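K.L.:
Once you've had a glance at the structure underneath, I'll fire off some questions.
The values are calculated or read from the model by the stated rules, or taken from the named source; none is laboratory data. Model, not experiment: these values are computed from the prediction. Note that each Cβ is placed from the backbone with ideal geometry, even for glycine, and that neighbours are counted across all protein chains shown.
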Amino acid sequence: MQIAEIELKFPIDDLAQLQSRLPGIGLLLDTPRTFELNTLYDTPGRTLRESKQLLRIRQYGDIWTLTHKRQPNTAPINNSAEFGPAAKYKVRIETETHVDDGPALGAIFERLGYAPVFRYEKFRTEWSQITTTIEGPLFAGVPESLDFPAPNHRCHLVLDETPIGDYAELEGPPAWIDKTLARLGVDPASCLTESYGRLFLAWKTRTGSAADNLTFDEISSVQILQPSFR
């Protein structure tokens with residue numbers, strides 16, 4: 001399946017407190033806290049990274065998923081100043097499918113000249129909500145060729161516990177993201193569009209860490225909170 005992925009992240013100071021508020025704003029728990037392992041593949045010359053593409057095999061519990069991401073053929077979408085603090089949304093074209101055997105697919109990639117270049121781990125809890133509209137300022141002037149989510153689209157809020165901190169990620173139509181941020185009292189100016197890879201590199205710069213991957217075995221000093229929902 002290929003979709004236009006629209007998302008924002010924001011850091012979480014109190015994971016349990018945030019999660020306790022989600023049922024009250026209409027979100028439903030889809031998947032309890034589950035370990036997730038992501039492996040990015042690229043050529044030795046990093047040709048995918050240079051062309052701003054991503055090739056990933058993800059293991060989420062017992063589910064293996066293959067994902068390719070690329071930038072859309074349009075300019076980035078931003079909030080207009082008249083709608084308050086500007087939050088730049090991350091927009092990517094995502095093609096994704098489930099696979100039966102992730103390690104076998106990884107072996108095929110390596111035979112084709114792709115190799116694992118980065119691993120990142122987290123514990124993810126998935127929540128969702130149905131939205132009935134895609135109206136919102138971010139859709140003004142958007143080319144029709146870009147396939148954005150349709151009405152009655154299931155929107156997602158996921159809670160990620162990573163070795164360098166906890167983050168929430170909102171994915172859905174911009175109007176729903178704006179509304180959810182407001183209901184949670186999150187300042188749009190605090191939101192992030194960086195990937196976990198870029199957040200990891202920024203963290204390494206700040207801390208001087210020698211870790212090569214965003215994994216719990218390489219970064220063991222951060223305590224991972226146990227959420228209250230199961």
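K.L.:
Which members of the stretch 98-118 meet the condition of being farther than 28 Å from residue 201 by Cα and not in a helix (DSSP H, G or I)? Before the answer, list the steps.
P.N.:
Within the stretch 98-118, the subset farther than 28 Å from residue 201 by Cα is 98-101, 104, 108, 111.
Of everything in the stretch 98-118, those that are farther than 28 Å from residue 201 by Cα and not in a helix (DSSP H, G or I) turn out to be 98, 99, 100, 101.
K.L.:
Test each condition in (1) within 22 Å of the chain's Cα centre (by Cα); (2) surrounded by 14 or more Cβ atoms within 10 Å (Cβ to Cβ); (3) at pLDDT 55 or above for residue 109 and report the one that comes out false.
P.N.:
(1)
K.L.:
What pairs come up if the first residue lies in the stretch 113-126 and is without any contact (Cβ under 8 Å) to a residue 60 or more places away in the chain, the second is part of a strand (DSSP E or B), and their beta carbons are under 8 Å apart, counting only those six or more places apart or on different chains?
P.N.:
Listed by first residue and then by second, the contacts come to nothing, as the list is empty.
K.L.:
Being part of a helix (DSSP H, G or I) and closer than 20 Å to residue 56 by Cβ is the filter here; which residues of the stretch 166-201 pass it? Talk me through it step by step, then tell me what you get.
P.N.:
Of the residues in the stretch 166-201, the ones part of a helix (DSSP H, G or I) are 174-184, 188-190, 196-201.
Of everything in the stretch 166-201, those that are part of a helix (DSSP H, G or I) and closer than 20 Å to residue 56 by Cβ turn out to be 196, 197, 198, 199, 200, 201.
K.L.:
Okay, moving on. Output the residues belonging to the stretch 38-57 that are crowded, with 18+ Cβ neighbours inside 10 Å and not hydrophobic (A, V, I, L, M, F, W, C).
P.N.:
38, 39, 41, 42
K.L.:
From the list 19, 59, 53, 2, pick out the single residue that is within 16 Å of residue 128 (Cβ to Cβ) and either touching a Ser or Thr at 6+ places or on another chain (Cβ under 9 Å) or of a type in the set (S, T, N, Q) (or both).
P.N.:
Details: 59 fails: within 16 Å of residue 128 (Cβ to Cβ); 53 fails: within 16 Å of residue 128 (Cβ to Cβ); 2 fails: within 16 Å of residue 128 (Cβ to Cβ).
Answer to the selection: 19.
K.L.:
Answer yes if at least one residue in the stretch 64-76 is at positive phi, out of contact with any Phe, Trp or Tyr (no Cβ under 7 Å at 6 or more places or on another chain) and modelled with pLDDT under 95, and no otherwise.
P.N.:
Kept after step one, since they are at positive phi, are these residues of the stretch 64-76: none.
Within the stretch 64-76 (the criterion being at positive phi, out of contact with any Phe, Trp or Tyr (no Cβ under 7 Å at 6 or more places or on another chain) and modelled with pLDDT under 95), the answer is no, since none of the residues qualifies.
K.L.:
Also: Which of (1) touching a strand residue (DSSP E or B) at 6+ places or on another chain (Cβ under 8 Å); (2) buried (at least 19 other Cβ atoms within 10 Å of the Cβ) is the odd one out, the single condition residue 197 does not satisfy?
P.N.:
The number of the failed condition is (2).
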